Amino acid sequence: MTRSYLFTRDVCSSQNHFNGENLGARVSAVFVILAVSAFGAFFPLVVQRCPYFNLPKWCFFITRYFGSGVIVATGFIHLLAEADKALSDNCLGGIFAEYPWAEGIALMGVFFMFFLDIVAHKRLEDKANKKEKLKVEIAEVQSENSLEMQDIKEEIKEDTSGDDNATPTENVYQQILNSFVLEFGIIFHSVFVGLSLAIAGDEFKALYVAIAFHQMFEGLGLGTRFAMTPWPKDKQYIPWILALAYSLTTPIAIAIGLGVRNSYPPGSRVALITTGCFDALCSGILIYNSLVELMAYDFIFSPEFKGDNGMQKMLWAYFCLAFGAAIMALIGKWA
């Protein structure tokens, strides 16, 4: 059934909007988008690692919550809306005309992420309980001979040796997981962004500028999250790899799009369904993660807003969050 829906009765457009103009500018987009994406993703990491910059803490504060707003808007405006547009195209017909598939697939993404979240939380909780149980055993045998006590200490050392080198608290595990989830959700979307820019028609110039800002702001959002995550000492290279992967995805997609610019039909049945399904799934993942982790957790449970000036700091964070979301939502008019 799936095969028949994908490959038969294709009455969708088999053409793209590429008009053969601005080829030099399209080629330059590979390098310009690479530069702005890399700047956004690497800048927070470089600033944090290099004491030479010595930027005040409020710079990271603004960038962090501005970036969170960017990611929230990406899920709703740049992914879910685009997925709905693709999967509700009149030429698809059939089951796509009978059900709001974009929202349905996004809902699947939300529940998929929720399932991963509760499983990860339970595993971390069990690991913490096991560690506490071993500590209690030490306390109970303190009056016994030192040899027996040493054996238990060695058992604890073996069982928890990776904990100190990895992540000491459940919160840190959660932050690392969030970084990977955000990367996954955004990087798939970036592929289609690059393809759309490469084969754009008369709207190329406006789209070029919009996507440049789009990539830079998304990169800042991701890079700041990577920089704020307390990575284990033996995993300090991971955020740099994640930033590099984000920086390269859209430029590579642009290059591929230029290579197939005369044959790739973005409005074909297969392209619409593929793009729509991926965008919808990624939107569900980003929406869950942004609402639960970047908004609810950061604002309600974070110790950052405790104390005398907590409310004032929270309001500033809220303003940065809303501003980032508004800017990214505005860019959604063109990209």
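The values are calculated or read from the model by the stated rules, or taken from the named source; none is laboratory data. Given the structure is predicted, the values throughout are model-derived calculations rather than measurements. Please note: Cβ atoms are built from the backbone with ideal geometry, for glycine as well, and neighbour counts cover all protein chains shown.
For Leu294, are the conditions met, namely being in contact (Cβ under 8 Å) with a residue 24 or more places away in the chain, in a helix (DSSP H, G or I) and touching a Cys at 6+ places or on another chain (Cβ under 8 Å)? Let's see the steps before the verdict.
Details: in contact (Cβ under 8 Å) with a residue 24 or more places away in the chain: yes; in a helix (DSSP H, G or I): yes; touching a Cys at 6+ places or on another chain (Cβ under 8 Å): no.
For Leu294, the condition - in contact (Cβ under 8 Å) with a residue 24 or more places away in the chain, in a helix (DSSP H, G or I) and touching a Cys at 6+ places or on another chain (Cβ under 8 Å) - is not met.
Of the residues Ala200, Ala255, Ala210, Ala280, only one is farther than 18 Å from Ala73 by Cβ, of a type outside the set (Asp, Glu) and part of a helix (DSSP H, G or I); which? Outline the logic, then answer.
On the way: Ala200 fails: part of a helix (DSSP H, G or I); Ala210 fails: farther than 18 Å from Ala73 by Cβ; Ala280 fails: farther than 18 Å from Ala73 by Cβ.
Going through Ala200, Ala255, Ala210, Ala280 in turn, just one is farther than 18 Å from Ala73 by Cβ, of a type outside the set (Asp, Glu) and part of a helix (DSSP H, G or I): Ala255.
Selection over the stretch 258-277 of residues that are of a type outside the set (Val, Ile, Thr), surrounded by 16 or more Cβ atoms within 10 Å (Cβ to Cβ) and not in a loop (DSSP other than H, G, I, E, B) gives a count of 6.
Going by what's in this entry, would Met149 be described as modelled with pLDDT of 85 or more and not small (Gly, Ala, Ser)? Taking the combined requirement at face value, the residue does not satisfy it.
Yes/no per residue for (1) surrounded by 14 or more Cβ atoms within 10 Å (Cβ to Cβ); (2) more than 15 Å from the chain's Cα centre (by Cα); (3) acidic (Asp, Glu):
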site	(1), (2), (3)
Ser37	yes, no, no
Asn54	no, yes, no
Ser68	yes, no, no
Thr74	yes, no, no
Ser88	yes, yes, no
Tyr99	no, yes, no
Gly104	no, yes, no
Ile118	no, yes, no
Arg123	no, yes, no
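Just to be sure before I move on: is Ala335 touching a residue at least 60 places away in the same chain (Cβ under 8 Å), part of a helix (DSSP H, G or I), buried (at least 16 other Cβ atoms within 10 Å of the Cβ) and at negative phi in the structure I sent?
Working: touching a residue at least 60 places away in the same chain (Cβ under 8 Å): yes; part of a helix (DSSP H, G or I): no; buried (at least 16 other Cβ atoms within 10 Å of the Cβ): yes; at negative phi: yes.
No, not satisfied.
Which members of the stretch 224-237 meet the condition of being of a type outside the set (Phe, Trp, Tyr) and either free of Cβ contacts under 8 Å to residues at least 60 places away in the same chain or touching an Asp or Glu at 6+ places or on another chain (Cβ under 6 Å) (or both)? Show your work before the answer.
In the first step, residues of the stretch 224-237 are kept if they are of a type outside the set (Phe, Trp, Tyr); the result is 224-225, 227-230, 232-236.
Those that are of a type outside the set (Phe, Trp, Tyr) and either free of Cβ contacts under 8 Å to residues at least 60 places away in the same chain or touching an Asp or Glu at 6+ places or on another chain (Cβ under 6 Å) (or both): Thr229, Gln236.
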